[in-house]
Amino acid sequence: MSKVVVFTTSSCPWCQRAKRYLRERRVPFKEVNVERDPEAARDLVRKTGSTGVPVIKIGNKWIVGFDRPRIDQELARRAS
């Protein structure tokens with residue numbers, strides 16, 4: 001399984017949903033809170049062009065927002 005990273009903020013309800021969704025599927029992930037890590041926030045904008053969260057990185061694929069179909073697609077692709 002590829003590494004999964006979830007970029008979040010403390011007050012983001014969609015971030016909470018994304019993390020809950022991954023936990024329910026028993027997908028291990030690392031959380032990076034961009035409020036607490038300004039360098040990660042700058043990197044995120046540089047790599048995705050987005051200032052919003054959640055952003056989920058699965059392997060080398062970036063998913064902006066809580067997009068279940070894309071998350072499932074990337075997880076399935078990485079598991080095989």
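The values are calculated or read from the model by the stated rules, or taken from the named source; none is laboratory data. The shown structure was predicted, so the numbers you read here are calculated from the model rather than taken from an experiment. With ideal geometry, Cβ positions are generated from the backbone for all residues, glycine too; neighbour counts draw on all protein chains shown. Protein only, heavy atoms only, side chains kept; ligands, DNA and RNA dropped before computing areas. Shrake-Rupley method; radii C 1.70, N 1.55, O 1.52, S 1.80 Å.
Summary table
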quantity	calculated
Residues that are of a type in the set (D, E, K, R) and within 17 Å of residue 13 (Cα to Cα), drawn from the stretch 37-80	67, 68
Some residue of the stretch 38-57 being within 11 Å of the chain's Cα centre (by Cα), over 20 Å from residue 73 (Cβ atoms) and of a type in the set (D, E, K, R)	no
Pairs with Cβ under 9 Å, 6+ apart, first in the stretch 9-25 and under 14 Å from residue 66 (Cα atoms) and among the aliphatic types (A, V, I, L, M), second open to solvent by 80 Å² or more (accessible area, probe 1.4 Å) and outside any helix (DSSP H, G or I)	22/28
